[in-house]
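Read the figures in this text as sums done on the coordinates, not as results from a lab. None of these values were measured; they are calculated from a predicted model. Because the Cβ atoms are built from the backbone with ideal geometry, glycine has one as well, and the counts that use them run over all protein chains shown.
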Amino acid sequence: MAEGWLDFEQPLADLVTRLEELTAIGAKDEVKRLQEQIEKQKANLYSDLTPWQRVLLARHPRRPYPLDYIERIMTDFTELHGDRAFADDPAVVAGIGRIDGIGFAVVGHQKGRDTREKLRRNFGMPHPEGYRKALRVMEIAARFGLPVLSLVDTPGAYPGVGAEERGQGEAIARNLREMAMLEVPTVVVVTGEGGSGGALAVAVGNRVLMQENSVYSVITPEGCASILWHDGSRGEEAAKAMRMTARELKDFGIIDDVVAEPLGGAHHDWDEAARLLKEAVMTNYQALAGQTGSELVAERVARFDAIGAYASEPA
């Protein structure tokens, strides 16, 4: 398998490899013909992806992470560290910057690229201090009237013993409560994996968006399959049953909108993916900018109250 290509992309990978070979020998006519073939293959391949294929794209090792987006859409970014209680958690990035001259506080999950960085950032799975750092920065934003942008990409909160001893559940619960009460516009974008409470702890927004090839669910497909069928290898089947893709969640009213990606996924063109994300963020921010703090809180609480509403049968 060519480096960076997923299994289902093998036909396209073969064409791209052939294109590189023809380009190297200067076969211009064949190059042009093959380029047209590649564009057709892309359109066919990515036009009707399965939920599991979108899971794979959401986890793609070359997919942009929050720091990659921050570099492209923000200026004057200053990262803030530490929760002022225990430590700094590299799995969460947080800071202050500007988008089109407007001050924003930004928080997000950072997974890491190579083995060393993945270990340092704990594969994007925060400890309690990560959530407390995120909350500290969001409270700074509220104090100074800055909107909040949250970029979500985590398989879930870290479930280790140390995290539990330091109050993982309490940290997540506190973030849910306090984020709901922020009197500033809050825009959330799921950029990769949105996993359970680990994602929701920084995702209580006035507007919740998902990139086209991201996923958002209470558990990973493999975890779901392990619980339901005692067989984690049935993750593909679980992904279909869980209705975890952006389009499905938009239809259910869980999210507000789907952010388009470059053809084939955000990892194919980071700059274009960042442009599309920035456009969506600013459009949704502008729709919120004129509301008062109390209006923002009321709207945010109402949108989450409406999720999962049901009517009980009479006794």
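Amide H to amide H, with H built 1.01 Å from N, Thr154 comes under 5 Å of Glu193, Gly194, Gly195, counting only residues 5 or more places away or on other chains. Angle of helix 270-288 to the longest C-alpha principal axis of the chain, folded into 0 to 90 degrees and rounded to 10: 30°.
For the chain, lysine pairs with C-alpha atoms less than 20 angstrom apart, excluding pairs fewer than eight positions apart on the same chain, total 7. The helix-based estimate of mean residue ellipticity at 222 nm for the chain, built from -39,500 (n - 2.57) per DSSP H run of four or more residues and divided by its residue count, is -14500 deg cm²/dmol to the nearest 500.
Can you tell me the 0 to 90 degree angle between the C-alpha axis of helix 128-144 and the longest principal axis of the chain, rounded to 10? Between the helix axis and the principal axis of the chain, the angle is about 70 degrees.
Where both partners of a DSSP beta bridge lie in the chain, what percent of those bridges are antiparallel, to the nearest 5? Taking every DSSP beta bridge with both residues in the chain, the antiparallel ones total about 40 percent. Translational diffusion of the chain, estimated by Stokes-Einstein from the Kirkwood radius over alpha carbon pairs at 37 °C in a medium of 0.692 mPa s, is 160 µm² per second. Shown here is the pair-distance distribution of segment 22-76: with all Cα-Cα distances grouped in 5 Å bins from zero up to the longest one, the shares run 4, 15, 12, 13, 13, 16, 16, 9, 2, 0 percent. Axis of helix 10-25 versus longest Cα principal axis of the chain: the two differ by about 60°, to the nearest ten degrees. Using the Cβ of Arg120 as centre and a radius below 13 Å, the other residues enclosed give a net charge of +1, where K and R count +1 and D and E count -1.
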